[in-house]
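Written out below as structure tokens is the structure these notes cover.
Any read-out appearing in this document is the output of simple, stated calculations on the displayed coordinates, not a laboratory observation. Please read these numbers as outputs of a predicted model, since none were measured by experiment. Note that each Cβ is placed from the backbone with ideal geometry, even for glycine, and that neighbours are counted across all protein chains shown.
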Amino acid sequence: MFLCFMFMSKKVKMGVKAENGTLTKIVPPLEQQLSEEIDLKVKKYLRGEGANLEILQDKKLKGQLSVREELYGRSAKQAAKTEKWLMPSEGGYLEAEGIEKTWRIRQEDIAREVDISSSRNQFDITLPNLGPYTMDFTSSGRYMTFGGKKGHLAIVDMKNMNLVKEFQVRETVRDVVFLHNELFFAAAQKKYPYIYNRDGTELHCLKEHGAVSRLQFLKNHFLLASLNKSGQLHYQDVTMGEMVGNYKTGVGRTDVMKVNPFNGVVALGHSGGTVSMWKPTSSAPLLKILCHRGPVSALAFHPNGHLMATAGKEKKIKLWDLRKLDSELQNLPGHANTLDFSQKGLLARGTGSSVQVLGDFSGAQNYSRYMNHSMVKGYQIGKVLFRPYEDVLAIGHSMGWSSILIPGSGEPNFDSWVANPFETSKQRSEKEVRSLLDKLPPETIMLDPTKIGTLRPAKKKEKPTKQEREDEMEAAIESAKDMDFKRKTKGRNKPSKKVKKRQELVAKAKRPFLGQNTKEEELLARKKQKTSEEVELPVSLQRFAKKKAAT
């Protein structure tokens, strides 16, 4: 009896009986809502409206198109599901209503509206006796290292605000930068740059670099780039310890240095208003741009690598498209001691005790004011830096360092294969091995890296000189004279016939060279005739002569 009941229960279907007597499937409200959301997203990925297959007469074509339409529908649905489940977060910006302006919204107003975890990213660390401070983030934004000019170095876990390590080097620190992960970082100290691990142990002293003012790390090439006080640019491979390049810039001392994330080219801003771009395999700059009339005070690159922002002492901020350097894209008034682009393209500038954030909301690379923030009067801002994957801007100043909220600055979804803020030690070691295997050689650094893997265009043949043509003709004559003849039947192997045949071969070898010489002589004669005609014209008729176009 029990078995019979079980067998019958398998045939029972859940549903509601409709008017025509058929059963309709009951869909839970949550599932229905999700399917509606996915249907809306599918429309975004569909390639226009589907083809009308009913009007087709050809059955074969109709079948092929129906398969293609089904494939397009499946791929659009898969893309919509990926967006729904793998990219759940959406970026947003501050939106003002009516006559309100976004730059009038203060940090206190934002802190009242955001959740608890976001409000924790808003703080002010005051260390007046050890500043001014500079800082750097890892590529995932999880860890931050900061250095005070009076020798204070530390690493902080920004997720839970734990101090990983803090120590005092008892000498001047000008700059700090993380290497490929949070386990190692470099500090530009009074005489030389040093490399430390996360426990504060000194690993290397790079004496070849000298007294360094700025440091940058090229993560795809594992190169540590430094700029010292005498204007020398050094590249050192941190995997092998080899010095890849050591070049004199030749334009004096500078403190402005940035790496383009797109191609790995290092840009330097100089006192003459120029920006020069360098690679480790060239002793001369790849490019020089005259950006300002006065000294360059700051520069920054957009994450896509095609947009560059520069600031000059003449109180101008200029935006440049590196694919077309005829003129600047935009010229903004104002001074900046430091510039930085966020992952979503917001531009922060710091000067004195105030920070301004500019945004391109039209998509036409037209930046306008987005947010303002004023520090305590007397604080001198040295560096601004956006934190990756967070809507946070870090500010290093003379009295410590601060963190403020900038809605819409960070990428809302992270790729765990590129940068994972929650990675374990095992994942970190695996990623380190993969990145070492994928390490790019210094030769791949160029202005346009898309040229790698393409065919080099064929070079035009250079015109040979007269001496080279004569040598080539003599070689052809000698080869014709040394040619051996086959032994033929009686009467056809006479010495006179052999001499005649050899003379014919020599004349044949000479013919192309003589023809080329005659053509050149004719061309030269025409030029001489033309010039003589121009000279022979009487003075009264020279005004009627055809004038040459100005070169």
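Annotation: peptides 242-254, 207-219, 104-116, ranked by per-residue average of other Cβ atoms within 10 Å with the highest first, follow the order 207-219, 242-254, 104-116.
Using just its DSSP H runs of length 4 or more, each adding -39500 (n - 2.57), the chain gives a mean residue ellipticity at 222 nm of -8000 deg cm²/dmol after division by all residues.
When the Kirkwood radius is taken over all Cα pairs of the stretch 174-221, what Stokes-Einstein diffusion coefficient follows at 25 °C and 0.890 mPa s, in µm²/s? Translational D for this selection: 226 µm²/s.
Here's how it looks for Gly294: its modeled amide H is under 5 Å from those of Lys313, Glu314, which are all 5 or more places away or on a different chain.
Scaling against 2.2 N^0.38 Å puts the C-alpha radius of gyration of the chain at 1.49.
Bridges between two residues of the stretch 68-176, per DSSP, are antiparallel at a rate of about 100%. Net charge of the neighbourhood of Lys316, taken over other residues with C-beta under 12 Å away and scored Lys/Arg +1, Asp/Glu -1, is +3.
What shape does the stretch 194-330 have by the C-alpha gyration tensor, where a ≥ b ≥ c are the square roots of the eigenvalues, rounded means a/c under 1.5, and otherwise prolate means a/b greater than b/c and oblate the rest? Prolate shape, in that a/c is at least 1.5 and a/b is the bigger ratio. Couplings 3J(HN,Hα) of the stretch 347-357, computed from phi: 10, 9, 10, x, 8, x, 10, 10, 10, 10, 10 Hz, in residue order, whole Hz [Karplus 6.51 cos²θ - 1.76 cosθ + 1.60, θ = phi - 60°; x for Gly and Pro].
In percent, rounded to a whole number, the relative contact order of the chain is 10, using alpha-carbon pairs under 8 Å and six or more apart.
Of the residues Thr249, Gly352, Gly151, the one whose Cα sits farthest towards the positive end of the charge dipole of the chain is Thr249 (charges of +1 on Lys and Arg Cβ, -1 on Asp and Glu Cβ, taken about the Cα centre).
The residues packed around Lys508, meaning those with a beta-carbon under 11 Å from its beta-carbon, carry a net charge of +3 if Lys and Arg are +1 and Asp and Glu are -1. Separation of the stretch 144-201 from the stretch 54-84 is 56 Å, based on Cα centroids. Computed over the stretch 280-402, relative contact order equals 16 percent, with contacts defined as Cα pairs under 8 Å that lie 6+ residues apart.
Here's the list of aspartates and glutamates a cross-link from Lys431 could span, going by alpha-carbon distance under 20 Å and ignoring same-chain residues fewer than 8 apart: Asp157, Glu182, Asp237, Asp415, Glu423.
Once backbone amide H atoms are built at 1.01 Å from N, Gly400 has Leu127, Tyr133 as its partners under 5 Å, excluding neighbours fewer than 5 places away on the same chain. Taking a straight Cα-Cα cut-off under 15 Å and skipping sequence neighbours fewer than 8 places away in the same chain, the aspartates and glutamates within cross-link reach of Lys318 are Asp326, Glu328, Asp340, Asp360.
Beta bridges from DSSP with both residues in the chain: antiparallel share about 100 percent, rounded to the nearest 5.
For the stretch 65-164, the dipole from Cβ point charges (+1 on Lys and Arg, -1 on Asp and Glu) about the Cα centre works out to 380 debye, to the nearest 20.
Each peptide in 365-371, 495-501 was scored by the mean count of other Cβ atoms within 10 Å over its residues; highest first, the order is 365-371, 495-501. For Gly294, what is the net charge nearby, where nearby means another residue's Cβ is under 13 Å from its Cβ and Lys, Arg count +1, Asp, Glu -1? After counting each charged neighbour, the total is +4.
For the residue pairs Lys149/Lys377; Lys191/Lys316; Lys101/Lys377; Lys44/Lys258; Lys219/Lys383, the C-alpha atoms sit more than 26 angstrom apart in Lys191/Lys316; Lys44/Lys258.
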